[in-house]
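First comes the structure, then the notes that go with it.
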Amino acid sequence: MKAIVIGAGIGGLAVSIRLAQKGYDVEVYEANTYPGGKLSEIRSENGFRFDAGPSLFTMPFYVDELFELCGEQPGDTFQHEELDIVCNYFWEDGTRLSAYSEKEKLYHEIEEQLGINPNRFRAAMDDSRIKYELTGRIFLERPLHLVKSWLSWDVLKAIFQIYKLDIFKSMHDVNKQLLRHPKLVQFFDRFATYNGSNPYQASGILNIIPHFEHHFGAHFPKGGMISITKGLHQLAIRQGVQFHFGQKVERIIIENEEAVGISVSGAIKSADIVISNMDIYPTYKKLLPQQKAPSAVFENERSSSALIFYWGIDKTFPELDLHNIFFSDHYKAEFESIAAGGIHEDPTVYINISSKYHPKDAPEGCENWFTMINVPYNDGQDWDNLIQSARKNIIRKVSRILGEDIEKHIIFEDILDPRKIELRTSSHAGALYGTASNDRMAAFKRHANFSSSVKNLYFCGGSVHPGGGIPLCLLSAKMVEQVVR
Ligand SMILES: Cc1cc2nc3c(=O)[nH]c(=O)nc-3n(C[C@H](O)[C@H](O)[C@H](O)COP(=O)(O)OP(=O)(O)OC[C@H]3O[C@@H](n4cnc5c(N)ncnc54)[C@H](O)[C@@H]3O)c2cc1C
C-alpha cells in the first residue's frame, strides 16, 4: 500500500512516520527545499541562528512518542529540557514577574512582585486544570467527526459539568471575574494568542491553555526548535520514508470519487491514499478545484499572524530569559487594532532568545533576538508601511522598559511578515494557526481529518486542528492514523 503525503511540515513528518510504521510505503512531496514548513531556521553570515517560527515547546511527549512508536529511545537522538522559568513578564510601570514553572514558586513570585495574595491566581489555575480534565482528551486527541468519539463516559461527564467550561463567556470576562487584578487578567488573557485568537471574543473554555504551560511545562529542545524538525525528518528516513524536496504538488487526482494520486511537475504519481499537510484552504482551492469544499473552509475567520524581526544584538541582557513578554498598556485596543486589520502603536512584544540556552546561536557577547508581535492575517494591507512604524514602536517600547537604546545594538536584521509566511508555506493569508478560535463554537467547526466525499483522501496539520501549534499538528497526524485504520 502506497501513501503520498503533500508537505513536510511538522504534521506531514509525523504522519509519514506513523504510516510507515503501519507498513505503508510513504513518499513525501514538499514544495520547499527543506523540511519543517513553519518550523525551520534562518542563519546570518555574522554568526547568528534563529528558529524561524515556533519558539515555545509544550507537551514534548507527543514528539517523544513518535520515537517510541519506532522502537527508539527519544533521548538518543532528540533531547529537551524543562524550563525553570517559563516566561519573564515586563510592564511599562516597572513591574516584572518571572513565571516559574513550579506552581508554588510562581504563587510566591506573584505575592512578592505584585504584592497580592495569590489565592485567586491559584483558583484560576485550578479552573484551568478542571477544564483540561473535562475536555482536553475529547477535543485534542479524538477525531470529532467520528460518532464513536462522542460515545464515551468522559463526554457524558463533560456534558453534566458543562457549566464549568464557560463556553458562552469570553475568556476575558471569565478571567476578570476570577482574577480581578489587571496584570493577572492580562497574564491569563494572553493565552488566547497561543492559537491566534482574541481573548475579548474567544470562549472561556480556552482558559484550558495555562494548564498546558504550567502542568506539562515549557521545554527547550537541545539545539533549538529546529531539532524537532531535524529529529523527525531523520526518524522518518530511518523508517524508509522517501522525501522529494522542491516538488510543488499541482493536483490531487480523483477518479470515481477516490484519491488515486497526485500531479507534480507535470507527472502523475499514483498512491492508494493521499494525505494533504498543506493548509486546508489552498488544498481545496488549488489541489481540488473540482471538489466542493465544506462552506466553513472558506468562511471561518483566519487566526492572527505575526511580524518578526530577527535581530542579532551585540550585547547580553541578564534580565532577559528564553521567553520574554513586554505587555502593552492598551491590551484591549491592541486586539481591536488587529481585528480591524492594523497594528496598535503600543503592541505587546515577545522576545525569544535561544542563545540563552544554546550559546552557539549567537557570537560571544551577543544574543539572537526573535522579536515578535501579533498582527492580523494578510488582507492586502500596506505591510511595508505597517512594518516600518511597528519597528519604531517596538524599539521605543523595549528601550523604555530595559532603560537602554536597543537600536544601536542591532547588528543583523531579517524580517518575517504574513505575506512571507504565506509565500513560504502556502498558509492562507499567512495565518499562524489556520482558523481563529474567536467563534464560541470554533472547536466544533474544524475540518475533519478525512474527506467525506472522496475516498482515501486525508488531511493533517494545523489548519485541520487549529490552535496550539506543534502539539496539535502532531495529534492531527495521530488522528489520520486512526481514521486510515
Ligand atoms: C512565527 C510563528 C510562530 C509560531 N509560534 C509557535 C509556538 O511558539 N509554538 C507552537 O507550538 N506553534 C507555533 N507556531 C505554529 C506552528 O508553527 C504551526 O502550528 C506548525 O508548525 C504547523 O505545521 P503544519 O504541519 O500544519 O504546516 P506547515 O508548517 O505550514 O507546513 C506545511 C508544508 O506543506 C508544504 N506545502 C504547501 N503546499 C504544498 C504543495 N502544493 N506541494 C508540496 N508541499 C506543499 C509547505 O511548503 C510546508 O512545508 C508558530 C508559527 C509561526 C509562523
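The values are calculated or read from the model by the stated rules, or taken from the named source; none is laboratory data. Just so it is clear, the structure is predicted and the values come from calculations on it, not from any experiment. Note that we place each Cβ from the backbone using ideal geometry, even for glycine, and neighbour counts take in every protein chain shown.
Would you call N88 more than 19 Å from the chain's Cα centre (by Cα) and assigned to a loop (DSSP other than H, G, I, E, B)?
Criteria not met by N88.
Would you mention how many residues in segment 328-359 are more than 26 Å from A429 (Cβ to Cβ) and more than 20 Å from the chain's Cα centre (by Cα)?
6
I'd like to know if segment 273-284 contains one or more residues that are among the small types (G, A, S), touching a strand residue (DSSP E or B) at 6+ places or on another chain (Cβ under 6 Å), touching a residue at least 12 places away in the same chain (Cβ under 8 Å) and within 13 Å of the ligand (Cβ to nearest atom).
Taking every residue of segment 273-284 in turn, at least one turns out to be among the small types (G, A, S), touching a strand residue (DSSP E or B) at 6+ places or on another chain (Cβ under 6 Å), touching a residue at least 12 places away in the same chain (Cβ under 8 Å) and within 13 Å of the ligand (Cβ to nearest atom).
Can you give me the number of residues within segment 176-198 that are touching a Gly at 6+ places or on another chain (Cβ under 8 Å) and buried (at least 22 other Cβ atoms within 10 Å of the Cβ)?
3
Answer yes if at least one residue in segment 30-49 is free of Cβ contacts under 8 Å to residues at least 24 places away in the same chain and either touching a strand residue (DSSP E or B) at 6+ places or on another chain (Cβ under 9 Å) or under 30 Å from D417 (Cβ atoms) (or both), and no otherwise.
Yes - at least one qualifying residue is present in segment 30-49.
Report, by residue number, each residue of segment 444-480 that is more than 16 Å from the ligand (Cβ to nearest atom) and of a type in the set (A, V, I, L, M).
Result: V454, single match.
Would you please list the contacts, defined by Cβ atoms under 9 Å and residues six or more apart or on different chains, that run from a residue in segment 55-71 that is closer than 12 Å to G469 by Cα to a residue that is hydroxyl-bearing (S, T, Y)?
Once the first residue is closer than 12 Å to G469 by Cα and sits in segment 55-71, its partners that are hydroxyl-bearing (S, T, Y) give S55/Y350; S55/S354; L56/Y194; T58/Y194.
Just checking: which of the strands (runs of 3 or more DSSP E) contained wholly in segment 6-62 hold 3 or more residues that are crowded, with 20+ Cβ neighbours inside 10 Å and more than 7 Å from the ligand (Cβ to nearest atom)?
Once the strands (runs of 3 or more DSSP E) in segment 6-62 are filtered for at least 3 residues that are crowded, with 20+ Cβ neighbours inside 10 Å and more than 7 Å from the ligand (Cβ to nearest atom), what remains is 49-51.
Please give the number of the condition V483 fails out of (1) of a type outside the set (S, T, N, Q); (2) out of contact with any helix residue (DSSP H, G or I) (no Cβ under 9 Å at 6 or more places or on another chain); (3) within 16 Å of the ligand (Cβ to nearest atom); (4) modelled with pLDDT under 95.
(3)
Residues that are among the polar types (S, T, N, Q) and within 24 Å of G37 (Cβ to Cβ): list the strands (runs of 3 or more DSSP E) wholly contained in segment 348-441 that include at least 1 such residues.
Of the strands (runs of 3 or more DSSP E) lying wholly inside segment 348-441, those with at least 1 residues that are among the polar types (S, T, N, Q) and within 24 Å of G37 (Cβ to Cβ) span 349-352, 367-375.
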